[in-house]
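In what follows, a structure is listed as structure tokens, so that the remarks can point back to it.
The values are calculated or read from the model by the stated rules, or taken from the named source; none is laboratory data. This is a predicted model, so every value here is computed, not measured. We place every Cβ from the backbone using ideal geometry, glycine too, and count neighbours over all the protein chains shown. Ligands, DNA and RNA are stripped out before the accessible areas are found, and what is left, the full protein with its side chains, is counted by its heavy atoms. Shrake-Rupley method; radii C 1.70, N 1.55, O 1.52, S 1.80 Å.
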Amino acid sequence: MNTLDDLIAKIDPERIPRHVAIIMDGNGRWANLRGRPRSDGHAEGVSAVHRAVEFSSDMGIEYLTLYAFSTENWNRPQHEVDTLMYLIGWAIERELPDLIRNNVKIRLVGDIPRIPADARQRLLNAEKATAHCSGLTLLMCLSYSSRWEITEAARRLAAQAAQGVINPEDISEELISQNLDTVGVPDPDLLIRTGGEERISNFLLWQIAYSELYFTPVLWPDFHKTTYAEAILDFQNRERRFGKTSAQVQNDPDSNF
């Protein structure tokens, strides 16, 4: 079995994905397998977030996007939603000194006003406190779904068209991207989903058009740096063509990135 050092030694530092997105799945099942309440799984998941942020920063990844709470998650039992909101607020406050020390910038993505006031204020405080940081940008998708995001973008563009600010024929892919919550952030190179499910679950549907997808059976609380390194190695073994032929890619060494 390869150690973390063995795996890191195999990673090409010149081909590190610029942006990694992760669907953090499996907290509840992790707890159920151990006969523990689902809230324990979510608490353990916080440690996995810490490891993922630390590894991303150490590897020189510029952007890490985490699917922390979806729009659909509001439909879960109220006590679980309350626990998740508490944990999110508590965790971001606890991690804030380390995030600042490690030059990590927080960026909130999603319908943030819908988040309960206490958790929302802690999140906004963290975003403000890390605004000066210039290392890894950590995008936290909260009360987020891609269909919600695209719908909001369509509404903004429709309003601009109605006001005569833009013409409908001027709407382009670039203009739509500029009206998404992720404006200014490059599309993910690599999307990782833990927990064994192989679906996207309404996450970054516009942005992952050409992302490499990596599914692992590892439940999120068990997601360690070795699993992350294995995903990066798998990514580096793929040929990213973006609609080109293999011959074109092979003749242009920069075309994979």
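Things to note:
- Against the list (1) touching a residue at least 24 places away in the same chain (Cβ under 8 Å); (2) under 18 Å from F223 (Cβ atoms); (3) assigned to a helix (DSSP H, G or I), the condition D58 fails is (1).
- Scanning region 41-53 for residues that are touching a residue at least 60 places away in the same chain (Cβ under 8 Å) and either of a type outside the set (S, T, N, Q) or crowded, with 23+ Cβ neighbours inside 10 Å (or both) yields G41, E44, G45, A48, R51, A52, V53.
- Selection within region 74-92 - of a type outside the set (A, V, I, L, M, F, W, C), exposed (fewer than 15 other Cβ atoms within 10 Å of the Cβ) and part of a helix (DSSP H, G or I): N75, Q78, H79, D82
- Selection within region 135-168: residues that are surrounded by fewer than 19 Cβ atoms within 10 Å (Cβ to Cβ), within 22 Å of the chain's Cα centre (by Cα) and of a type in the set (V, I, T). The member of this set that is nearest to R107 (Cα to Cα) is I150.
- Tally, over region 190-207, of residues that are open to solvent by less than 20 Å² (accessible area, probe 1.4 Å) and either in a loop (DSSP other than H, G, I, E, B) or under 23 Å from N32 (Cα atoms) (or both): 7
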